[in-house]
Amino acid sequence: MVEGNDNQNFLDDLDSLIQPFKAVASPLQGFLNDLHAKYKPITAGAVADYIPELAKVDPELFGICVVTVDGQVFEVGDTNKLFTIQSASKPFVHGLTLEDCGRDFVLSRVGVEPTGDSFNAIILDEQSGRPYNPMVNAGAIATAGLVKGNNPTEKLNRLLDMFRRYIGRDVYVDMSVYTSERSTGHRNRAIAHLMLNFGMVDDNLEDMLDLYFKQCSVMVTCRDLGIMGATLANNGVNPITNTRALDSEYIKDVLSVMYTCGMYDYSGEWAYRVGLPAKSGVGGGIVAVVPKLLGIAAFSPRLDARGNSIRGVKACEEMSKHFGLHSFDLHDDYSKFLKSLTRSGQLS
Amino acid sequence: MVKVISVHSFRGGTGKSNLTANLAVLTASKGNRVAIVDTDIQSPGIHVIFGMDEQEMQRSLNDYLWERCTITEASYNVTPADVAKAGGSVYLIPSSIKAGEIARILNEGYSVTLLNDGLRNLCQELQLDYLFIDTHPGLNKETLLSVAISDALVIILRPDRQDFQGTAVTLQVARKLDTPKTMLVVNKVLPSYDPQDVKEQVSSKFQVPVAGVFPVCDEMIQLASGGVFSLVHPNHPYTEQLKKVTEQVIT
């Protein structure tokens, strides 16, 4: 028995040693290398500069990372550079509040309806007084207000713990980005006051906004986002650490809101072209999910007018098209993608 | 489509670099464009066989891995005259033989992705038909990457129990990495052994084809890595054997 276990451990060690090299030799890696090389020269768009800290990023950075639900990681380019998660944090905090407060209560405070308006619009649903959805700033601020905890520190720690479960390593808030966000966040403060006026949030506005600014200032890498996407794809369990990050009960809530609202006022066209639940952030990150299969992350700081990473959108779009990953592309059953994972073309 | 061929042995001193040099030169002699990369960064040596000394080596694989130059800028045309006549060419990307540079790469490590990108770029930029990789013995990053991207893996071993055990490990890894083609070469066999017997025993032990069995060879020892054997002794039976192995490796 003991011998058998040792041998099993050895094989696990050997597998984990070999996996990165296997990935490097796979057709998928070749595809990602080509994809990266194809879009690398694009210089259109501009980095977010509403606070000086964001404008400091090197606009040339570009990384793509794909993580499968069995924990294989494929990456190309700048996948280990830290950047602020910004709005890409929103679906994950939404998930946390669903666990904290339950579906009905969260729905009573924040809707699930896409808006054609931009992410920072000062607008609420006239009928209900709720923000339209948790992916626009208004909804995300209200969502931050639902995170459980006896005091701001406990709320922050619960939020960071949630990110740690998704990412599988320690995470931090970038203090200079957070401080800038806080000192220039007048528009977000106005949104919060409007929601207070409608009785949609509690009157501890500064604590709520503070947590929101901190969640946006969490530092992640493109690889982290890929693992976070794969965790959602894997029904809430981080495929590398095997830690549960989100109750499987709420996966469909998070993914359906990402699908309809995740890409700001590009969400409809994104759903049509790429066909995957996704969320972008003005830090240049995008995380997309192919349920039960993989997470895709892209990072490139130059944004289009809507606030989405230009190279990131192109990379996701081409990848979805190439492998038939669109949610409603029903003729292929992902066989093209699965074959690309190993160079022998056989599934392991 | 370029073919990548790795030559590996689990332990040192098997004759790996000499085999790599000869396979590469014999492949180029058929009119092919061939490059050899010395990924044995901890104990480089194949440059010696091509008569390259430390002063000549301006750039090495190390410089590429430190992003000081492109990988093609670290390549040297070492085509022997006879090979050039046959329309082939041989390029060599050596590893640094400077103690300080070996120490630095061991201390700091390097990016496997960068090495992989470099090997791909080299194939394109030099328009190669074949890329031979001379690996470091044992299991390490260079070896795993080489085996992972190889179309063929040649494992060289001596008839020695330690080599047998090590070969089993390398074969296990190669199977996990889906290496399309693996073959063994048995080197330094005592002249009193029957090569055919050795071949049958080794191939049945590992269930992998044995491409060649080489007896201990006085001329090889005398050459002492001072040249490419198959060029120095073109009519030697050892060279005939090398040609047969080359044929099996590249087809």
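All of the numbers you see were taken from the coordinates with simple rules; none came from a lab. The structure displayed is predicted, hence computed values, not measured ones. Positions of Cβ are backbone-derived with ideal geometry, glycine not excepted, and every protein chain shown enters the neighbour counts.
Of note:
- Output for region A:136-163, where each listed residue is at positive phi and among the aromatic types (Phe, Trp, Tyr): none
- Qualifying residue in region B:113-124 (condition: among the polar types (S, T, N, Q), touching a residue at least 40 places away in the same chain (Cβ under 8 Å), over 18 Å from A:Ser26 (Cβ atoms) and away from chain A (no Cβ under 11 Å)): no
- Reported count of residues in region B:149-168, each being within 12 Å of chain A (Cβ to nearest Cβ) and over 12 Å from B:His8 (Cα atoms), is 2.
- Listed here are the strands (runs of 3 or more DSSP E) enclosed by region B:1-110 that have at least 1 residues being surrounded by 24 or more Cβ atoms within 10 Å (Cβ to Cβ) and in contact with a Lys or Arg (Cβ under 7 Å, 6 or more places away or on another chain): B:3-8.
- Pairs meeting the criteria (first residue in region A:215-237 and more than 15 Å from A:Arg165 (Cβ to Cβ) and in contact (Cβ under 8 Å) with a residue 12 or more places away in the chain, second residue aromatic (Phe, Trp, Tyr) and not in a strand (DSSP E or B), beta carbons under 6 Å, at least 6 apart or on different chains) are A:Ser217/A:Tyr178; A:Met219/A:Tyr172.
- Boolean, A:Arg109 is crowded, with 20+ Cβ neighbours inside 10 Å, touching a residue at least 60 places away in the same chain (Cβ under 8 Å) and charged (D, E, K, R): yes
- Residues that are free of Cβ contacts under 8 Å to residues at least 60 places away in the same chain and assigned to a loop (DSSP other than H, G, I, E, B), drawn from region A:73-106: A:Gly102
- Any hit, region A:142-154, residues being touching a strand residue (DSSP E or B) at 6+ places or on another chain (Cβ under 7 Å), outside any helix (DSSP H, G or I) and closer than 22 Å to A:Val237 by Cβ: no
- Counting only strands (runs of 3 or more DSSP E) wholly contained in region B:140-251, the ones carrying 1 or more residues that are aliphatic (A, V, I, L, M), surrounded by 13 or more Cβ atoms within 10 Å (Cβ to Cβ) and more than 19 Å from the chain's Cα centre (by Cα) occupy B:181-189.
- Answer residue from region A:27-36, given it is touching a residue at least 24 places away in the same chain (Cβ under 8 Å) and within 9 Å of chain B (Cβ to nearest Cβ) and is farthest from B:Glu142 (Cα to Cα) among those: A:Asn33
- When the residues of region A:51-72 are filtered to those that are assigned to a loop (DSSP other than H, G, I, E, B) and of a type in the set (Val, Ile, Thr), the one that is farthest from the other protein chains (Cβ to nearest Cβ) is A:Ile51.
- Taking region B:92-102 as the range and being free of Cβ contacts under 8 Å to residues at least 40 places away in the same chain and closer than 25 Å to B:Thr20 by Cα as the test, only B:Ala99 passes.
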